[in-house]
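Engineer: The structure follows.
The values are calculated or read from the model by the stated rules, or taken from the named source; none is laboratory data. This is a predicted model, so every value here is computed, not measured. Because the Cβ atoms are built from the backbone with ideal geometry, glycine has one as well, and the counts that use them run over all protein chains shown. Quick note on the areas: whole protein, heavy atoms, side chains included, nothing else; ligands and nucleic acids left out. Shrake-Rupley method; radii C 1.70, N 1.55, O 1.52, S 1.80 Å.
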Amino acid sequence: EKGTYDHFMLKEIDEQPFVIRKIIQEYQDENDNIKLDPAVRQAMMRSDRIYIIAAGTSYNAGLVGKQFIEKIADIPVEVHIASEFSYNMPLLSKKPLFIFISQSGETADSRSVLVRIKDLGHPALTITNVPGSTLSREADYTLRLHAGPEIAVASTKAYTAQIAVLFILAVDIAQAKKLNLDFDPLQELGIVSSVMESLTDQKEEYEKIAKEFFTDTRNAFFIGRGVDYFVVQEAALKLKEISYIQAEGFAGGELKHGTIALIEEGTPVIAISTQENVNYSIRGNVQEVAARGAKTCILSIKGLEQDSDTVVLPHVHELLTPLISVVPMQLLAYYAALHRDCDVDKPRNLAKSVTVE
Ligand code: M6R
């Protein structure tokens, strides 16, 4: 039930810090180490390449998951849109493992890939919020999100839960491979949970930005580099899905290869900068669009901030920044939709789970 909330979406945004804590609890043993189904670990260790298959927001979470599995666990990963993969399968490696990411576990596009790769005899792991779902039953292994029911069509807490579980999975493999980790993973996730809570406590700030940037615009651009590029894709999906503003997430460096032609006086451009290695260059991209009349806003992180930044997020581990930079993006989308009188929880033309191909 919605309780005191007007919309499930806002309730679910607010639940995120607790979902992260629940995930820590569920994946922690009595000695505070990571606890994971040993069969999942073995399947990951046997594989020479992971194929992540998903749609929409779950696909966007998969892009972040690829970073974790490659950077922490040292296994190559490809991320594919389910509906594309099913008719245009790439050349597979010798020992592929498929990971299906799906909040509902019922997405038909993903299921059709699962059926095909099972026919080929490949192993599959489903990461889902619904353990008895089709994708969970038909895969060899399941990892649960423990996010609680997600009712709003726009996915919020499932996205952050997917990223947290993918992080735990990557760390578990790294530990099994005796790779050196210079951080305490569950402690870092605990910090993320507290920071998320501080962000959801600052709603007025995001409501103000949403009003200023999205009240009467037809389009909006989000830009980022590296992992921030993955988060801006999710930010754009959230905004277009519930506010009907035409929104796109772009790689900062790609703008000058075409997209910058769309910038006019007053076009909203929101940039995320949480990564040291691209902090300088993404700021350059913001200047390029500002010089062409864009209305710009930078969301950065403690340690990389400049005085003019609109939002400075508290510091978290560099790998985990998507978990916190997405929260303001979800709130911006929520308030944009609210102020444009859109049906926040049930946007037009969309269903919560897409059970047709
Ligand atoms: O249940 P799934 O995670 O498989 O759903 C995939 C997409 O349909 C879903 O994430 C969709 O993009 C959301 N409405 C986005 O907010």
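Engineer: Tell me yes or no: at least one residue of the range 208-222 is buried (at least 23 other Cβ atoms within 10 Å of the Cβ), touching a Gly at 6+ places or on another chain (Cβ under 6 Å) and in contact (Cβ under 8 Å) with a residue 60 or more places away in the chain.
Structural biologist: Yes: the range 208-222 contains one or more residues that are buried (at least 23 other Cβ atoms within 10 Å of the Cβ), touching a Gly at 6+ places or on another chain (Cβ under 6 Å) and in contact (Cβ under 8 Å) with a residue 60 or more places away in the chain.
Engineer: Spot the failing condition for residue 287; the list is (1) in contact (Cβ under 8 Å) with a residue 12 or more places away in the chain; (2) over 30 Å from residue 181 (Cα atoms); (3) assigned to a helix (DSSP H, G or I), and only one is missed.
Structural biologist: For residue 287, the failing item is (1).
Engineer: Determine which single condition residue 190 fails, assuming it passes every other condition in (1) touching a Lys or Arg at 6+ places or on another chain (Cβ under 8 Å); (2) within 16 Å of the ligand (Cβ to nearest atom); (3) open to solvent by 10 Å² or more (accessible area, probe 1.4 Å).
Structural biologist: (2)
Engineer: A further question on this structure: Say we look at the range 104-127 and pick out the residues that are in contact (Cβ under 8 Å) with a residue 60 or more places away in the chain, in a loop (DSSP other than H, G, I, E, B) and in contact with a Leu (Cβ under 8 Å, 6 or more places away or on another chain); which of these is least open to solvent (accessible area, probe 1.4 Å)?
Structural biologist: 107
Engineer: Hey, another quick one. Here are 247, 337: which of them is within 16 Å of the ligand (Cβ to nearest atom), touching a residue at least 24 places away in the same chain (Cβ under 8 Å), in contact with a helix residue (DSSP H, G or I) (Cβ under 9 Å, 6 or more places away or on another chain) and part of a helix (DSSP H, G or I)? Spell out the reasoning first.
Structural biologist: Working: 247 fails: part of a helix (DSSP H, G or I).
Exactly one residue qualifies, and that residue is 337.
Engineer: Given the conditions (1) more than 10 Å from the ligand (Cβ to nearest atom); (2) open to solvent by 50 Å² or more (accessible area, probe 1.4 Å); (3) of a type in the set (Val, Ile, Thr); (4) part of a loop (DSSP other than H, G, I, E, B), and given that residue 130 satisfies all but one, which numbered condition is not satisfied?
Structural biologist: Against the list (1) more than 10 Å from the ligand (Cβ to nearest atom); (2) open to solvent by 50 Å² or more (accessible area, probe 1.4 Å); (3) of a type in the set (Val, Ile, Thr); (4) part of a loop (DSSP other than H, G, I, E, B), residue 130 comes up short only on (1).
Engineer: Can you pull out every residue in the range 133-147 that is assigned to a loop (DSSP other than H, G, I, E, B), within 11 Å of the ligand (Cβ to nearest atom) and more than 18 Å from the chain's Cα centre (by Cα)?
Structural biologist: The answer is 133, and nothing else.
Engineer: Determine which member of the set 13, 53, 101, 81 is open to solvent by 40 Å² or more (accessible area, probe 1.4 Å), of a type outside the set (Asp, Glu), modelled with pLDDT of 95 or more and within 16 Å of the ligand (Cβ to nearest atom).
Structural biologist: Details: 13 fails: open to solvent by 40 Å² or more (accessible area, probe 1.4 Å); 53 fails: open to solvent by 40 Å² or more (accessible area, probe 1.4 Å); 101 fails: open to solvent by 40 Å² or more (accessible area, probe 1.4 Å).
The unique qualifying residue is 81.
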